[in-house]
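What follows is a single structure, written as C-alpha cells, with notes after it.
The values are calculated or read from the model by the stated rules, or taken from the named source; none is laboratory data. Quick caveat, the model's predicted, so the values are computed rather than measured. As a convention, Cβ positions derive from the backbone with ideal geometry for all residues, glycine included, and neighbour counts pool all protein chains shown. Heads up: the accessible areas ignore ligands, DNA and RNA and are worked out on the full protein's heavy atoms, side chains in. Shrake-Rupley method; radii C 1.70, N 1.55, O 1.52, S 1.80 Å.
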Amino acid sequence: MAANPLLQDVYRSESEEIRERFDGSHNGQATVRERSDLIDQVLTQLWSRNLAVEARSERLCVMALGGYGRRALFPYSDVDVLFLCESEPSEHSQRRLIRSLCQALWDLHLRVSPATRTLAECGKLHRDNVEFNVSLLDCRYICGDAELFEHVRAQVIPRMVAREAQELMQRLTDLTRARHNKYGHTIFHLEPNIKDCPGGMRDYQVACWLTLISELEKTGVWPPPENLLPSAFRKECGTALEFLSAVRCFLHYRQGRDLNGLTYELQSEAAAAGIGFEEGSPTTPSEWMRGYFRHVRSIYRLTLLLEEVPPARSALYRLFENRKSRLSNADFSVVEGRVFLRQLSSVEEPSVLFALFEFVARHGLKLSAETERCVEAALPKIPHSDAQAPELWAHFRRILILPHAGAALRAMHRLGLLVRRWMNTRLSPLRVCTRFVGRLAHWNGDFEIFWTESSSLKCSSLRFYSTTLARVCRRKTISAAVSKLWIRSFIGYGLNRLTAS
C-alpha cells in the first residue's frame, strides 16, 4: 500500500508549518507535541482509510513507544511503533497489514522503527533487550483494537514491572552508569551531546522511568506524569527540559538529521538566535553556554535516584561495603558506602559542613540523597564573615590534598558550595581558585578542557604553569598516571602560591 499523494502533501505542508512556528517561537516542547500529533493523524488516516475493514477480524493494535509515546517526537527522531497482536500473527493477514502500513510510512520519508509483539512477549522480561521493556513504560494508544491496548497497559505491563522491578531498575542504572563513564562522569564538555551526556535529556527520562517502575511495583497503578520527579526538583528540571528541547529541535532542523552534538559553530548560532531563552534575545556563546551548564546541572542532580537503586553485587563486594560502615563517627554514619548525617541540622555549622566533605575526600564515599538535600537547605542559612576566612581556607586546603579530593569537589560543585558568596567574597585564596578547582573537579582526562580552564586563570604565574603543564600532558608519550601526578603537583604549587599571596 503506497501513501496517498494527498496525504503526502498534507504531511509535508503541516511539517513545514511546525518548523515555521518553531523558528518564530523557539518553543521546543510545543514543537515535539505538534509533531507527535501529526504522526498520530497520519497513522490514524492510513488505518481508517485502508486497513480498518481488513483488520476488523484481526486483533491488532498500533501503539507508540519511546519519545513518540511520550508525545516528544523531535524533528528527525525515529518513530517507534509497536504492532501488538493477541497471539502470533498469521502470515497472510496481520503480517500483510503491518507491512502495508510500514510501507506507507516509509513512502512519507519517515524514519519508522517498527516492532511486532504478542501479549505474552510484552509480559516477560527480555534480558537481551531490556530497552524494549523500558520502552513499554511510554506506551500510548494510536489506533486498532482499543480493548487489546487497555488489557496490555492495565494488566500485562504492570504485572511484568511488579515482578521484574528490581532487575529492571538495576539494568537501567547499569546502562546509565556505563553511559556516564563514557563521558567521564562530568557535565563539562566543550562540545556536549545534549541527549546522552551527563545531565542530558536521557538522564531526565531515566529518573522518570525509575520512579515509574517503583510506583508500579508498589501500587500497580500508573502515576500521573507530572508527579514522576521528586517535588524538590520538578520546577528547575522542568525549565531545564524546556531549554534542552528547544536546543535539540534547533540542532535537528539546522542539520537535517538526528544529530545531538553541540559543536562550537552551533553554539554560536544558538546564542545568536537566543535558543532556549525566554526572551529570545541574542547573547554571546560564553553566556549561552553558562545557561546550558546551569540547566544540565539541574538535571544531573536527578542521578541521586540512581544511588537509591542497590546494584546486584557479589558476596565479597557486600562484605567490603559492610566494612565501610565501621568508618562511622559521632557526626556521620556510613551505610552501604553512603554518608548519612546523625543530626540533620548539623551542617548549618561551617565546620561540620566542611568536615563532611573532608570525610568524603578521605574515604572516597558518596553522600546519600537525604544528606545532599540537607546540605542544599543549609547553605542559605550559613552566616558569612571575613573572620571565617582562615578557618574555611584550612578546611578547603585539607580537602584538596586528600586521596579522593575529586569526589568531594564534584559533590561540593554539584550542591553549589563552591559558588556560594561566602566562599568567594574577600577571601583572597579562595577568590582565585574556587572556580577553577570546581571545574577541575570534573576533569576526566580531556586535556582540551584542562587547557581551556587553565587559560582562563587570572593569576599570571598559575596560568603560565598550568598551560605549560597542559601542553606536556597532551603528548601521547606521557602516561595517564604520570599526567595525574603532574596535575596534583599543579594543585600543590597553586596552593603554595595562593597562601603566600
Within segment 140-160, of all residues that are of a type in the set (A, V, I, L, M, F, W, C) and surrounded by fewer than 17 Cβ atoms within 10 Å (Cβ to Cβ), the one farthest from GLU217 (Cα to Cα) is ALA146
Please tell me if GLU448 is in a helix (DSSP H, G or I) and either in contact with a Ser or Thr (Cβ under 6 Å, 6 or more places away or on another chain) or at pLDDT 75 or above (or both).
-> no
In segment 337-347, residues that are open to solvent by less than 10 Å² (accessible area, probe 1.4 Å) and assigned to a helix (DSSP H, G or I) total 1
Discussion item. Charged (D, E, K, R), buried (at least 19 other Cβ atoms within 10 Å of the Cβ) and touching a residue at least 24 places away in the same chain (Cβ under 8 Å): is that true of ARG177 in this structure?
Written reply: no
When TRP288 is run through (1) part of a helix (DSSP H, G or I); (2) under 21 Å from SER36 (Cβ atoms), the failure sits at (2)
Flagged in segment 180-201 as without any contact (Cβ under 8 Å) to a residue 24 or more places away in the chain and in contact with a Lys or Arg (Cβ under 6 Å, 6 or more places away or on another chain), in numbering order, are none
Counting only residues in segment 348-364 that are open to solvent by 10 Å² or more (accessible area, probe 1.4 Å) and of a type in the set (Gly, Ala, Ser), the one farthest from LEU327 (Cα to Cα) is identified as SER351
*Residues in segment 189-207: is at least one open to solvent by 10 Å² or more (accessible area, probe 1.4 Å), of a type in the set (Val, Ile, Thr) and outside any helix (DSSP H, G or I)?*
no
Quick count over segment 221-268, residues being surrounded by fewer than 15 Cβ atoms within 10 Å (Cβ to Cβ) and of a type in the set (D, E, K, R), is 5
Would a scan of segment 115-123 turn up a residue that is more than 30 Å from MET289 (Cβ to Cβ), open to solvent by less than 80 Å² (accessible area, probe 1.4 Å), in contact with an Asp or Glu (Cβ under 9 Å, 6 or more places away or on another chain) and outside any helix (DSSP H, G or I)? yes
Quiz item: farther than 21 Å from LEU212 by Cβ and open to solvent by less than 30 Å² (accessible area, probe 1.4 Å), is that true of GLY184?
Solution: yes
Within segment 66-92, the residues that are open to solvent by 20 Å² or more (accessible area, probe 1.4 Å) and modelled with pLDDT under 90 are GLU86, SER87, GLU88, SER90, GLU91, HIS92
Only one of (1) at pLDDT 90 or above; (2) of a type in the set (D, E, K, R); (3) closer than 21 Å to ASP203 by Cβ; (4) part of a helix (DSSP H, G or I) does not apply to ARG254, and that is (3)
Is there a residue being more than 23 Å from VAL156 (Cα to Cα) and without any contact (Cβ under 8 Å) to a residue 12 or more places away in the chain anywhere in segment 207-219? no
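One line per residue, one yes/no per condition, for (1) modelled with pLDDT under 75; (2) small (Gly, Ala, Ser); (3) closer than 25 Å to ARG297 by Cβ:
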{"site": "ARG342", "(1), (2), (3)": "no, no, no"}
{"site": "GLU358", "(1), (2), (3)": "no, no, yes"}
{"site": "LEU402", "(1), (2), (3)": "no, no, yes"}
{"site": "ALA408", "(1), (2), (3)": "no, yes, yes"}
Being within 24 Å of LEU46 (Cα to Cα), of a type outside the set (S, T, N, Q), open to solvent by 80 Å² or more (accessible area, probe 1.4 Å) and assigned to a helix (DSSP H, G or I) narrows ARG163, ARG99 down to just ARG99
